[in-house]
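The values are calculated or read from the model by the stated rules, or taken from the named source; none is laboratory data. Computed from a predicted model, the values in this text were never measured in an experiment. Because the Cβ atoms are built from the backbone with ideal geometry, glycine has one as well, and the counts that use them run over all protein chains shown. All accessible areas refer to the heavy atoms of the entire protein, side chains included, with ligands and DNA or RNA removed. Shrake-Rupley method; radii C 1.70, N 1.55, O 1.52, S 1.80 Å.
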Amino acid sequence: RDSWMGRLKNGLRKTGSSIATVFTGTKIDEQLYEELEEALLMADTGVKATQHLLDDLRQRVKDSKTTDPAAVKELLASALADLLAPLEKPLVIGEHSPTVIMVAGVNGAGKTTSIGKLTKHLADAGQSVLLAAADTFRAAAREQLGVWATRNTVEIISQEGGDPAAVSFDAVTAGKARSKDVVLVDTAGRLPTQLHLMEELKKIKRVVTKADGSAPHEVLLVIDGNTGQNALNQVRAFDDALQLTGLIVTKLDGTAKGGVLAAIAQERPIPVYFIGVGEKVEDLETFSAKEFAQALLA
Ligand code: GDP
């Protein structure tokens, strides 16, 4: 547990140290707030969330009547934790049989790795998982998913060059017939140029609902925490198209842009079910607003 917090802190250290250095002076003055604004923007906190945090912080400083910059840092940690709190929500499995989880994300975000980690996480918790390789356009994605399936001894529905929606439909149907606890649907992160990704994903979602009226129960987006405002743009676009229910934020072990979570909390407070803090299968952690805020300011 310490080790993942350590890695998170290490990853965020570039951000952290630049935010933390703002509080090393002796006075609480306008210069402090200006430097803080700059540091938050540098960490990809975005204009809106930065403004919100600064306003909130000024009020907290006023209320506390403190004159110590170090105390202001603690007040910022609380303000940040409060802003991030709505993102802290567990992924609930077991209300449906199976729970159908559709997973989206642009290529390179860490989607395949995250599905592998999630598969192990669920299998370790005693859940039976069925994987659906609905990224039928990318042979490597299908193969990689097959490796995760073998490693965790879970079944996989995969069809070379098949129709992604048909694979998804078959997987949900098979998941019901075989009484699986969870069906994880891996979708494409990029399509051959003449096709539209969002239309394809919407179609998968529709067809999954045809296979099971209440599904998908979760629509997750995997974003690379290292891409800052780009990640926020992806959240907007995928949420508009698919009505996301959760996020997995990867690569927080090596980023200077951790502020993007504050921007997401401000604009699209979608639960962050998991964070990725490394390439290994166990490097998947649940999100804690307070711990993240502390790591960001460490
Ligand atoms: P996909 O194209 O979205 O399926 O991305 P992949 O799952 O293939 O991941 C792309 C790269 O990111 C791989 O090299 C992964 O090992 C790496 N990666 C994924 N998640 C994490 C993470 O949390 N931390 C780090 N450091 N690397 C990660």
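The residues on offer are Leu54, Leu76, and the sole one that is farther than 30 Å from Lys203 by Cβ, without any contact (Cβ under 8 Å) to a residue 24 or more places away in the chain, away from the ligand (no atom under 16 Å from the Cβ) and outside any loop (DSSP other than H, G, I, E, B) is Leu54.
Within the range 171-195, the only residue that satisfies the criterion of being in contact with a helix residue (DSSP H, G or I) (Cβ under 9 Å, 6 or more places away or on another chain) and without any contact (Cβ under 8 Å) to a residue 40 or more places away in the chain is Thr173.
Residue by residue, here is whether (1) open to solvent by 10 Å² or more (accessible area, probe 1.4 Å); (2) away from the ligand (no atom under 16 Å from the Cβ); (3) of a type in the set (A, V, I, L, M, F, W, C) holds:
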| residue | (1), (2), (3) |
| --- | --- |
| Leu80 | no, yes, yes |
| Val92 | yes, yes, yes |
| Thr112 | yes, no, no |
| Leu130 | no, yes, yes |
| Ala133 | no, no, yes |
| Arg138 | yes, no, no |
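So, Val106, is that one more than 16 Å from the ligand (Cβ to nearest atom), farther than 18 Å from Lys210 by Cα and not in a helix (DSSP H, G or I) or not? No: the conditions fail for Val106. The one condition from (1) within 14 Å of the ligand (Cβ to nearest atom); (2) open to solvent by 10 Å² or more (accessible area, probe 1.4 Å); (3) aliphatic (A, V, I, L, M); (4) out of contact with any helix residue (DSSP H, G or I) (no Cβ under 6 Å at 6 or more places or on another chain) that Leu247 does not meet is (2). Annotation for the range 45-53: no member residue is hydroxyl-bearing (Ser, Thr, Tyr), in contact with a strand residue (DSSP E or B) (Cβ under 8 Å, 6 or more places away or on another chain), crowded, with 22+ Cβ neighbours inside 10 Å and under 19 Å from Ile248 (Cα atoms). Note on the range 268-290: residues that are within 16 Å of the ligand (Cβ to nearest atom) and open to solvent by 30 Å² or more (accessible area, probe 1.4 Å) amount to 6.
Within the range 229-243, restricting attention to residues that are surrounded by fewer than 22 Cβ atoms within 10 Å (Cβ to Cβ) and touching a residue at least 40 places away in the same chain (Cβ under 8 Å), which residue is nearest to the ligand (Cβ to nearest atom)? So that I can check it myself, show each step before the final result.
Quick first cut of the range 229-243, residues surrounded by fewer than 22 Cβ atoms within 10 Å (Cβ to Cβ) only: 229-230, 232-237, 239-243.
Still in the list and also touching a residue at least 40 places away in the same chain (Cβ under 8 Å): 229, 232, 234, 241-242.
Numbers: Gln229: 19, Leu232: 17, Gln234: 11, Ala241: 18, Leu242: 16 Å.
Within the range 229-243, the match that is nearest to the ligand (Cβ to nearest atom) is Gln234.
Among the residues of the range 215-228, those that are open to solvent by 10 Å² or more (accessible area, probe 1.4 Å) and either away from the ligand (no atom under 16 Å from the Cβ) or in contact with an Asp or Glu (Cβ under 6 Å, 6 or more places away or on another chain) (or both) comprise Pro216, His217, Glu218.
Here the condition is being of a type outside the set (Ser, Thr, Tyr) and either within 13 Å of the ligand (Cβ to nearest atom) or surrounded by 23 or more Cβ atoms within 10 Å (Cβ to Cβ) (or both); of Leu184, Leu122, it holds for Leu184 alone.
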